[in-house]
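Chemist: Just dropping this structure here.
The values are calculated or read from the model by the stated rules, or taken from the named source; none is laboratory data. This is a predicted model, so every value here is computed, not measured. Quick reminder, even Gly has a Cβ in these numbers, built from the backbone with ideal geometry, and neighbours come from all protein chains shown. For accessibility, only protein heavy atoms count, side chains too; no ligands or nucleic acids. Shrake-Rupley method; radii C 1.70, N 1.55, O 1.52, S 1.80 Å.
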Amino acid sequence: MLNTDQFQSDQTVAFGAGLRHRAREFASNAGCKRILVLTTPDQSDLGLEVAETLGPMAAGVFCKAAMHTPTGITEEALAHLAEARADSVLAAGGGSTIGLGKALDLRAGVIQIALPTTYAGSECTPILGQTQDGIKTTMSDPKLRPDVVLYDPELVVTLPVAMTVTSALNAMAHAVEGLYAKDRTDATTALALDGLASFQRALPEVIGAPAAVSARQATQEGAWACGTVLGQVGMALHHKLCHTLGGALNLPHAETHAIILPHATAYNRPAAAAELAPLTRMFGHDDPAMGLWEFARSLGAPMALKDLGVAEADLDRIAELATTNPYWNPREITNDGIRALLGRAWGGAAPHA
Ligand code: NAD
């Protein structure tokens, strides 16, 4: 079991099968009185189940959470929160649902409980991305990090295999960029390596047996570690590219991360060889980018941007957008270098520096 204490002194984090059934006890200890349960439309059954567990503390279920936290939906949820006189929210879901909980906390100062059902890691971070009129803005405030996080591996058992793989690679990307982040510490590096090792060990087992609860718990420990790294250090090229691709072409979040990760790693390796070196042993390849690429391929991950519907003709524009605003990266960002990277990621070719 990972040691969560040194990173989460102001956050209660627990792991265990069936933990969702103890949500009322954790909520009560956190000081919640009336709780609005949040889910996406797809996960409304889970919302109803959790509300039943909460008994008289449940103040309703709002099941319209959506990707990238649109402010219109937040306003609607805010009205429900006020009408239900709720002082707390319980977000049962992935990054979209947890994002809605943070957006409500920002506006109404609620206690947040998170029951994560993907590996994206938003529950570990003070970061909130919101979308208004198609424009996404991101902010960070320590008070937005959920107060209680309950990792129940039975909740990720339902995650379809394809989503399991892309969501895990999305989480792993946070840890890989954490290894060479300019504000990394020995503790964040150790945590990033722990998280990557958890996924490297447990994911193949989960793919072979998606209902294997102990392997699922190991992947959730990986999600916590990788998400915590995301909350502690700055990200670089990989995230810039994924946000540029996602924003300009409306690509799916986790799939884009899964495809770009080995290519961004290859690009940065010449400038971060020592930081990335532990991955060679972990993924059994003397080139860490190739190790990640082969790991992703072995899990059946999407490997090519063209398979997400990206047109080759868009790549020049994406390279231009991704190199326009300067941002920190271990290796200098050049238009030619990024265009070549995108070409390989588009065609599904092996990563190359
Ligand atoms: P998601 O929350 O958008 O969920 C995707 C779909 O999968 C939804 O339809 C959901 O209902 C379904 N789903 C989720 N868990 C399931 C399960 N266990 N079984 C079956 N279906 C399930 O996906 P996500 O990748 O977790 O979150 C993406 C969003 O989170 C993006 O908006 C991203 O920007 C944000 N994010 C934010 C942070 C942060 O720190 N602020 C970190 C990571 C991601």
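Chemist: Among L315, M139, T69, whose Cα lies farthest out toward the positive end of the dipole of the chain, if unit charges sit on the beta carbon of Lys, Arg (+1) and Asp, Glu (-1)?
Modeler: M139
Chemist: Also, I was wondering about something else. Kindly work out what percent of the DSSP beta bridges joining two residues of the range 80-146 are antiparallel, to the nearest 5. Write out the running numbers ahead of the final one.
Modeler: On the way: 6 of 12 bridges.
Antiparallel bridges: around 50 percent, rounded to the nearest 5.
Chemist: Let me ask another. Picking from E25, E177, E294, which is most flexible by a Gaussian network model of the chain using Cα springs under 10 Å?
Modeler: Comparing E25, E177, E294 in the GNM, the peak value goes to E25.
Chemist: Say we join alpha carbon atoms closer than 10 Å with springs in a Gaussian network model of the chain; which of A215, A187, A236 then has the biggest fluctuation?
Modeler: Greatest mean-square fluctuation among the candidates belongs to A187.
Chemist: Here's something else I'd like to know. Using a 1.4 angstrom probe on heavy atoms only, work out the carbon and sulfur share of the accessible area of the chain in %.
Modeler: Looking at the chain in its full context, I get 51 percent from C and S.
Chemist: State the antiparallel share, in %, of DSSP beta bridges confined to the chain, rounding to the nearest 5. All intermediate terms of the calculation are to be shown ahead of the outcome.
Modeler: Details: 6 of 26 bridges.
Once the DSSP bridges in the chain are tallied, antiparallel ones form about 25 percent.
Chemist: Now for a different question. In Å, what Kirkwood hydrodynamic radius results for the range 4-155 from the alpha-carbon pair distances? Don't skip to the end; give the middle numbers.
Modeler: Values: mean 1/r = 0.0673 Å⁻¹.
Computed over Cα pairs of the range 4-155, the Kirkwood hydrodynamic radius comes out at 14.9 Å.
Chemist: Note down the relative contact order for the range 4-155 as a percent, whole number, built from C-alpha pairs under 8 angstrom at least six residues apart.
Modeler: Details: 322 pairs, mean separation 43.2, N = 152.
Reported as a whole number, the value is 28 percent.
Chemist: How many Å² of accessible area per residue for the range 4-155, probe 1.4 Å?
Modeler: On the way: 6110 Å² over 152 residues.
The answer is 40 Å² per residue.
Chemist: Along the Cα→Cβ direction, 7 angstrom out, place labels at D141 and R281. What is the inter-label distance in nm?
Modeler: In this crude label model, D141 to R281 measures out at 4.3 nm.
Chemist: Right, next: Expressed as a fraction of 2.2 N^0.38 Å, the rule-of-thumb size for a compact globular protein of N residues, what is the C-alpha radius of gyration of the range 132-177?
Modeler: Working: Rg = 14.7 Å, N = 46, 2.2 N^0.38 = 9.4 Å.
Output field value: 1.56.
Chemist: Same structure again: How large is the convex hull of the Cα atoms of the range 270-353 per residue, expressed in Å³ as a whole number? Provide the component values of the computation, followed by the final result.
Modeler: Details: hull volume 8.1 nm³, N = 84.
It is 97 Å³ per residue.
Chemist: Relative contact order of the chain, please, whole-number percent, based on alpha carbon pairs below 8 angstrom and at least 6 residues apart.
Modeler: On the way: 673 pairs, mean separation 50.7, N = 353.
The normalised contact order for the chain reaches 14 percent.
Chemist: By how many nm would the segment from H21 to H68 lengthen if fully extended, with 0.36 nm per residue of separation less the alpha-carbon distance? The partial results should precede the final answer.
Modeler: Values: separation 47, 0.36 × 47 = 16.92 nm, distance 2.84 nm.
So the chain would gain 14.1 nm between H21 and H68.
Chemist: Express the accessible area of the range 266-353 per residue in Å², computed with a 1.4 Å probe while the remaining protein chains stay in the model.
Modeler: Working: 4270 Å² over 88 residues.
I get 48 Å² per residue for this part.
Chemist: For the chain, what is the mean residue ellipticity at 222 nm derived from helices alone (per DSSP H run of n ≥ 4: -39500 (n - 2.57); sum divided by total residues; nearest 500 deg cm²/dmol)? Spell out each step's value before the answer.
Modeler: Numbers: 14 runs with 180 residues, N = 353.
Helices in the chain give a 222 nm mean residue ellipticity of -16000 deg cm²/dmol.
Chemist: With all pairs of different alpha carbon atoms counted, what Kirkwood hydrodynamic radius in Å does the chain show? Intermediate results must be reported in sequence, preceding the final value.
Modeler: Values: mean 1/r = 0.0492 Å⁻¹.
This gives a value of 20.3 Å.
Chemist: Here is a further query. With just the Cα atoms defining each centre, how far is the range 129-189 from the range 277-333? Give it in Å.
Modeler: Each part reduced to its Cα centre gives a spacing of 18 Å.
Chemist: Given just the C-alpha atoms of the range 161-347, how large is their convex hull per residue in cubic angstrom? Walk me through the numbers on the way to the answer.
Modeler: Working: hull volume 19.2 nm³, N = 187.
Dividing the Cα hull volume of the range 161-347 by its residue count gives 103 Å³.
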